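Report on the structure given below.
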Amino acid sequence: MPNTLLEGRIIPFPMRRVPLACLLVLLAGEEPVGSLVKRLHDDSEDKKSWMALAHHEEPGEALRAVRELLRRDPGSPTGWHALWQLADRVGDFPLGTEASQRALDLLAKAGLLESVDRTEDALRQDYFTRGLVHAERQALLRRRAIRLRLGLETKKIDERIERIDIEVRRRAHPNPAGLQAEAEAARARGDWRAEHGFLVDLAYHDWATAAFREGYEAFRRVLEIHEPHRREQKANDQNGAARLALELALTCTGSERDELLEEALAHAETALEEHEVNSVGGPADRVRDHCVLAHIRAALGGEDEALAHYEQELALVLELRKFIAIEGDQALRIFHSVQDHIFEDFAIFLARGGKERPPDVQRALGVSEVGRVGGLKELYRLRGLPSPSWTEQELPLSEIQRRAGSAKAAVLVFWAGSREAALACITEREIRVFPLAPPEVLDRAAESFARVAFDLAAKDAAIEREGRRAFDLFLAPAQAAFDGARRLVIVGAGRWGRLPFAALVSEGKGPLRERYLAARFEIAFAPTLGALTAERPVAAKGLPGAFGFDGTGSFAPELRAHFGLQSLPALRRAEAESRAVAAKLGGRALLGNEATEEAFRRVAAEASLLHFAGHALIDDEDGTRSALLLSPSSERSPSSERPSSQDGDGFLTLGEILELRIAARLVILSACRTARGESYAGEGVGGVARCLLAAGAQSLLLSLALVDDAKAPIFVGHVAEALAAGSHPAVALVSAQRRMLGTSGNAHPAFWASFVLHGQEDLLR
């Protein structure tokens, strides 16, 4: 089902206001960062230049420029205020905390707090009118801090923040009976705006719970509200009605199905006419219109019309990508234009073919690749760096096939559309596409098996039952195509980010330990297909570096509360694991108080391998609460000298990971859930992993679930021994998995199936 993100939570799409396509601010014609910096060198209090940097469409480049300017001249209150806003945009909570304290002190001394308060209010109003809920909330929080410093009341601000939070929670966890009652009460008192809002929320709840008939009926009532809505809202309501009518039609047969499809078509064409012909709304609105029209036309048998809508939708999305500045911690994830499943739905449509249209598998793979590559390019853009050359090149399928043959590998590409799923298998001999069960069926199987596989109380019978079911759904349709391979390279499985592929159970009569997928194949994941042919970088010369930190330290109270350290246990074996890894690989171990952010940053830039054992704080919904926990430095740089959260607070956040320069061929994170993070259909990796890849890491060994403090040193020790013997990371991983399987006390999947290998190159060598 199409959906979008609102402050890290999934809610149905489209929104009541301006579509929140990844909470974008569409900005065109920005002045280059360099010229703004030049003006600020001439006049350090050029407020317009500071604010232009704060809202620049290249947030990573702007953030670095502002930091450098403040290092040279730390006395600019407007500069610190700009840094505060940029920290909010990229979701760097520690940096935002530091910048806010400095900004408030200097603004107060300069007597500028009142003017800044008015500026923040105007900015909040702008965000409100554009429907940028996350950005509005951040502006409200900044304004609240300023007003508190001025000694002014914040009641209205607090109420607005509370309303935003309630709205987010209500949409994430709606109460249908309550929404119905509130809609009826609003109608009785003549409050058409409130009635409209409650009915739309109710309709999307019905959509999310597959109650399509009730949802469409709610939208019919929405369209009967004749009060003077903006034309944009009316057009969006027509789009919503079209989507619900389409969903309902696809559950019906005969004349009812045909009638509903015609109704859906009428709603969608009305919306497109308003958005396109009458110039109501923006490009993101037209994306949604073409999306639903493509599905309706396909359902009606109009394949040529459906193809035209898919192509227009794709062209609009690619145009949008040229002019975006991302708000909130979305910048640490992805430009999420796959919210409409455009790339995956279009790929499946192309691969399936039609009555008069032959399957076009090569183009289908290329379309799905556009979505994956776009996510990585956004991260490079956030860092202010050019994207790798392979992200701009045509997909080299013939080269991938050749390399797959040399490596005895099969590349498996998953497509998860709004209603269909498919698996493309690329081998040296052929490229074939296999239809899979509907995405929601795969979702349930993946979640069910993950619960069993990572539950130490689960018995072999339950593991075998759920593992066989998941194997049959995800891989069995293509089994004959990849059976002769030695290595499976998986692309696009991000929707099923918790599924431990290594523990899937194939059919047969042998012992369970011999039928796990890891007993038959090496398994690795790639972020994109193009990355498989990337040029191999020059190998780092530095010694391997191993960091071990048990999680105990003197952290700043505000940061301790924000990251939730109160419940973290001490990891008694983390330091011993890192010491053993360093010894086996001939590297250096930095343990306890030596395992600081500064040391990690320094070693990462030169080490040939990087290992970390400790706590990872992973929040799938809020990227500002994700970090690797390192030792807080005993001596921290004063904020007036170093405007950065890189001052040794102990939290290596996603934003700071993006700023690392990692030279290592392999990064091993022996910490809980480091392979997790928000990810979407068609992707392979999110959160910390995506940031590490963008920072330069070539391969990552991460964990899908909780890491056992007693077993992890054993498993990672096996990996280190294989690496020391010269094994490829994929070989080292499967060697460790099989050694664990060979010992009865270590054979449970929770001890070995959690670890997964992600790579940008070298997986087909």
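The values are calculated or read from the model by the stated rules, or taken from the named source; none is laboratory data. Because the structure is predicted, anything quoted here is derived from the model rather than measured. Note: ideal-geometry Cβ built from the backbone for every residue, glycine included; neighbour counts use all protein chains shown.
Remarks
- The range 562-576 - residue that is more than 30 Å from the chain's Cα centre (by Cα) and part of a helix (DSSP H, G or I) and, of those, surrounded by the fewest Cβ atoms within 10 Å (Cβ to Cβ): 576
- Inspection of the range 96-106 identifies at least one residue that is assigned to a helix (DSSP H, G or I), without any contact (Cβ under 8 Å) to a residue 40 or more places away in the chain, within 25 Å of residue 557 (Cβ to Cβ) and among the hydrophobic types (A, V, I, L, M, F, W, C).
- For residue 547: the one exception among (1) within 25 Å of residue 714 (Cα to Cα); (2) surrounded by fewer than 24 Cβ atoms within 10 Å (Cβ to Cβ): (2)
- Hits in the range 466-483 - residues which are touching a residue at least 40 places away in the same chain (Cβ under 8 Å) and either closer than 15 Å to residue 520 by Cα or in contact with a strand residue (DSSP E or B) (Cβ under 6 Å, 6 or more places away or on another chain) (or both): 467, 471, 475, 477, 478, 481, 482
- Subset tally (residues that are among the aliphatic types (A, V, I, L, M) and either out of contact with any helix residue (DSSP H, G or I) (no Cβ under 7 Å at 6 or more places or on another chain) or in a loop (DSSP other than H, G, I, E, B) (or both)) for the range 716-765: 7
- Lone unmet requirement of (1) closer than 30 Å to residue 466 by Cβ; (2) under 26 Å from the mean Cα position of the chain (by Cα); (3) in a helix (DSSP H, G or I); (4) not basic (Lys, Arg) for residue 559: (1)
- The number of residues in the range 273-322 being closer than 22 Å to residue 234 by Cα and touching a Lys or Arg at 6+ places or on another chain (Cβ under 7 Å) comes to 7.
- Candidates 368, 448 - the one that is over 21 Å from the mean Cα position of the chain (by Cα), hydroxyl-bearing (Ser, Thr, Tyr) and in a helix (DSSP H, G or I): 448
- The C-beta contact set for the range 357-380 (first residue farther than 19 Å from residue 688 by Cα, second residue among the hydroxyl-bearing types (Ser, Thr, Tyr) and at pLDDT 85 or above, distance under 8 angstrom, 6+ apart or interchain) comprises 369/528.
Residues checked against (1) among the polar types (S, T, N, Q); (2) buried (at least 19 other Cβ atoms within 10 Å of the Cβ); (3) without any contact (Cβ under 8 Å) to a residue 24 or more places away in the chain; (4) more than 30 Å from residue 48 (Cβ to Cβ):
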position	(1), (2), (3), (4)
146	no, yes, no, no
151	no, no, yes, no
155	no, no, yes, yes
164	no, no, no, no
180	yes, no, yes, yes
187	no, no, yes, yes
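- Which numbered condition residue 600 fails, given (1) at pLDDT 95 or above; (2) over 29 Å from residue 65 (Cβ atoms): (2)
- Among residues of the range 398-421, those that are in a helix (DSSP H, G or I) and in contact with a strand residue (DSSP E or B) (Cβ under 7 Å, 6 or more places away or on another chain), counted: 4
- Considering residues of the range 110-139 that are modelled with pLDDT under 90 and touching a Phe, Trp or Tyr at 6+ places or on another chain (Cβ under 7 Å) only, the residue surrounded by the fewest Cβ atoms within 10 Å (Cβ to Cβ): 136
- Each residue in the range 61-85 was checked for being in contact (Cβ under 8 Å) with a residue 60 or more places away in the chain, surrounded by fewer than 24 Cβ atoms within 10 Å (Cβ to Cβ) and in contact with an Asp or Glu (Cβ under 9 Å, 6 or more places away or on another chain), and 3 of them qualify.
- Residue list for the range 178-195, restricted to those being closer than 18 Å to residue 233 by Cβ and not hydrophobic (A, V, I, L, M, F, W, C): 187, 191, 193, 195
- Counting the residues of the range 381-397 that are over 18 Å from residue 697 (Cα atoms), charged (D, E, K, R) and either touching a residue at least 60 places away in the same chain (Cβ under 8 Å) or not in a helix (DSSP H, G or I) (or both) gives 1.
- Given (1) within 23 Å of residue 711 (Cα to Cα); (2) among the acidic types (Asp, Glu); (3) out of contact with any Asp or Glu (no Cβ under 7 Å at 6 or more places or on another chain), number of the condition residue 535 does not satisfy: (1)
- Top-ranked residue in the range 203-217 [being modelled with pLDDT of 90 or more and of a type outside the set (D, E, K, R); ranked as surrounded by the fewest Cβ atoms within 10 Å (Cβ to Cβ)]: 211
- Within the range 513-542, the set of residues being of a type in the set (Asp, Glu) and at pLDDT 85 or above comprises 514, 522.
- Hey, residue 507 in contact with a helix residue (DSSP H, G or I) (Cβ under 8 Å, 6 or more places away or on another chain), among the acidic types (Asp, Glu), outside any helix (DSSP H, G or I) and farther than 30 Å from residue 606 by Cα or not: yes
- Pair list, Cβ < 8 Å and 6+ apart or interchain, from the range 593-614 residues that are buried (at least 24 other Cβ atoms within 10 Å of the Cβ) to residues that are assigned to a strand (DSSP E or B) and β-branched (Val, Ile, Thr): 609/667; 609/668; 610/667; 610/668; 611/667; 611/668; 612/667; 612/668
- The range 349-377: number of residues that are buried (at least 23 other Cβ atoms within 10 Å of the Cβ) and of a type outside the set (A, V, I, L, M): 6
- Residue in the range 490-500 that is under 28 Å from the mean Cα position of the chain (by Cα) and charged (D, E, K, R) present: yes
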